[in-house]
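**Student:** Below are the structure tokens for one structure; questions will follow.
What follows is calculated from the coordinates using simple rules that are stated; it is not laboratory data. Predicted model only: the values in this text are computed from it and were never measured. Here the Cβ positions follow ideal geometry from the backbone for every residue, glycine too, while neighbour counts run over all protein chains shown.
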Amino acid sequence: MDENGVDDAGDGATDPLADEDVYRVLGPDGSPLPDATVPDLSDERFRAIYRDLVVTRRFDERAVSLQRQGRIGTYAPCAGQEGSAVGSTHALADRDLISYQYREHGAAVVRDLLSEYLPYWMGHEAGTEAIADGNVFPLNIGIAAHLPHAVGAAWAFAHRDEDRVVACHFGDGATSEGDFHEAMNFAGVFDTPTVFCCHNNGWAISVPRGRQTASDTFAGKATAYGFDGVRADGMDPLASYAVTREAAERARRGGDGDGGDEVGGNGTADDPRPVLIEFVEYRFGAHTTADDPTAYRDADDVDPWRALDPLDRMEAFLRETDRIDDEGVAAIREEADDVVAAAIDAAESVEADPAAMFDHAFAGLSPETRRQRDDLLAAVAERGEEAFLREE
Ligand SMILES: Cc1ncc(C[n+]2csc(CCOP(=O)(O)OP(=O)(O)O)c2C)c(N)n1
Ligand SMILES: [Mg+2]
């Protein structure tokens, strides 16, 4: 507590397993918990989830390294948080739309969009354009600003009678923005098929969870908007899968012939209903490559969460249930190296077009921005592109 009576602790100061209302399938060592229901998936699907976790981790390591070499811009590492992004995306249909903040890289991995996605982090707008074809909205840096858009897209699906839901990802910090509350309220009133995925990693840069909200849980905020909120272990890929699967079914119920497909039926048993999932998790690394977490949290805080590493738990589960052996693990790691290396090669071969920065901000350029673009292009033509490149 500080002098104002505010709980100043991040969740990192607490025992990650203390909360009993957090849904888990796997224990810390990867064994299914005694009362847990393991999702009924094929062996291939279990292995695909593990493969996508490994690819996401490898992508993360390489992206941080590329940033250190000056080959990409600022990057938001996701190590520790792969379980929720990968598990939840496996629970969706390919036609379902994903709208995310900036840290849920696992969603792009599951949708097989890494080569298209990485150019964004290198400053190419083409990267965000390409992932739209895989039903992924461009990532969003303006905190919570994508939530009303995600709800609008879900509402449009309902009106068009399209059997699609929107999974909308954001952080614990995003829940303090007005956009979060407006989006949640609208979704509750109009029954939009939206799965709100709140990634509670205990921190919004250096602001701990205790300073973000006085609510007991983030999931509990759904009560105010008239729909369900559920807490799940975001470092347990199978729990993340199971809760998202159930939430997506709830969100799409009106469109699947069960009746109740009236838009805005608002809460009768057969109507589609939004759901808020709070994924309880932790980021092992820095907020972004521009951040130094030792300035606001103890290195020791991370240790209890590292013990819940989603990759280790998933691998242990697969080994214990004879779904993978040493050879299988080695093959997946090798594949991950190759997939990520190929994505980097593809991204680095994208040609930069200086005029592209003017392309997507307006439907048509204003006279002033047209003048700026023309001036830039004239200067490039006169002095050559080399004159505009930073000296390495
Ligand atoms: C509207 C707005 N305000 C402030 C910022 C600066 N900012 C960037 S990330 C961030 C923290 C967000 O925390 P959270 O939603 O918990 O996501 P996390 O980074 O933990 O994944 C802030 C405040 C921003 N990008 N947008
Ligand atoms: Mg956060």
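**Student:** For the chain, set up a GNM with springs between Cα atoms under 10 Å and report which of Q212, Q69, Q372 has the largest fluctuation.
**Tutor:** Maximum among the listed residues: Q372.
**Student:** Sticking with this one: Over the alpha-carbon set of the chain, divide Rg by the Kirkwood Rh and report the Rg/Rh ratio to two decimals.
**Tutor:** Expressed as Rg/Rh, it is 0.98.
**Student:** Once you place label points 7 Å from the Cα toward the Cβ at Y296 and D94, how far apart are they in nm?
**Tutor:** Rounded to a tenth, the inter-label distance reads 4.0 nm.
**Student:** Then there is this: I'd like the antiparallel share, as a percent to the nearest 5, of DSSP beta bridges with both residues in the chain.
**Tutor:** Just about 10 percent of them are antiparallel.
**Student:** Could you check the spin-label model distance between A355 and D112? Points 7 Å from the Cα along Cα→Cβ, value in nm.
**Tutor:** 3.4 nm
**Student:** What 222 nm value per residue comes from the helices of the chain, counting each DSSP H run with n ≥ 4 as -39,500 (n - 2.57) and dividing by all residues, nearest 500 deg cm²/dmol?
**Tutor:** About -13000 deg cm²/dmol.
**Student:** Given the Cα-Cα distance of E249 and F362 and 0.36 nm per residue of separation, how much length would full extension add, in nm?
**Tutor:** 37.0 nm
**Student:** Listed highest first by mean packing, meaning other Cβ atoms within 10 Å per residue, what order do 119-132, 16-29 come in?
**Tutor:** 119-132, 16-29
**Student:** For the pair E61 and A331, what calculated FRET efficiency results from E = 1/(1 + (r/R0)^6), where r is the Cβ-Cβ distance and R0 = 22 Å, to the nearest 0.05?
**Tutor:** After rounding, the FRET efficiency stands at 0.70.
**Student:** Using 0.36 nm times the number of residues separating L41 and E386, minus their current alpha carbon distance, what extension gain do you get?
**Tutor:** Here the answer is 118.9 nm.
**Student:** Ranked by Cβ crowding within 10 angstrom, fewest neighbours first, how are I143, I72 ordered?
**Tutor:** I143, I72
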